[in-house]
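Single-structure report; data block below.
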Amino acid sequence: MTEKTITRAQLSEAIYEEVGLSRNESAALLETVLEEMSLALAKGDTVKISSFGSFSVRSKGQRVGRNPKTGTEVPILPRRVLVFRPSQLLKSRINKGMNAKKV
């Protein structure tokens, strides 16, 4: 299965084609949306997008890990990680797409 990455330019072009804004306005709109999402997540807020999913930040505590090569114990410092939970609709679309490709 080949993996494809969708870029900001492709998203901006899709906005241009669907909404009818100019290319510059489409790019600015996309940047504004991504910036607002980033700021909200940095503050620790949850970002929910209907029919798509929700993004949230979770705190992980300190733990002990191991260097897989040497087996030496290494402390892993506490950190915050980004978590995405897809909506049921998105999960359904993904599974339908997988089943359609197998047939």
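The values are calculated or read from the model by the stated rules, or taken from the named source; none is laboratory data. For clarity, every value in this text was computed on a predicted model and none was experimentally measured. Backbone-built Cβ (ideal geometry, glycine too); neighbour counts: all protein chains shown.
Right, Arg85: within 27 Å of Arg8 (Cβ to Cβ) and modelled with pLDDT under 95 or not? In short, no.
Yes or no, residue by residue, for (1) touching a residue at least 24 places away in the same chain (Cβ under 8 Å); (2) among the aromatic types (Phe, Trp, Tyr); (3) farther than 29 Å from Glu13 by Cβ:
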residue: Thr32; (1), (2), (3): no, no, no
residue: Val57; (1), (2), (3): yes, no, yes
residue: Lys69; (1), (2), (3): no, no, yes
residue: Glu73; (1), (2), (3): no, no, yes
residue: Ile76; (1), (2), (3): no, no, yes
residue: Ile94; (1), (2), (3): no, no, no
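Screening the range 5-25 for residues that are without any contact (Cβ under 8 Å) to a residue 12 or more places away in the chain and among the hydroxyl-bearing types (Ser, Thr, Tyr) and picking the one that is nearest to Glu35 (Cα to Cα) gives Thr7. Of all the listed residues (Gln88, Gln62), the sole one being surrounded by fewer than 12 Cβ atoms within 10 Å (Cβ to Cβ), polar (S, T, N, Q) and without any contact (Cβ under 8 Å) to a residue 12 or more places away in the chain is Gln88.
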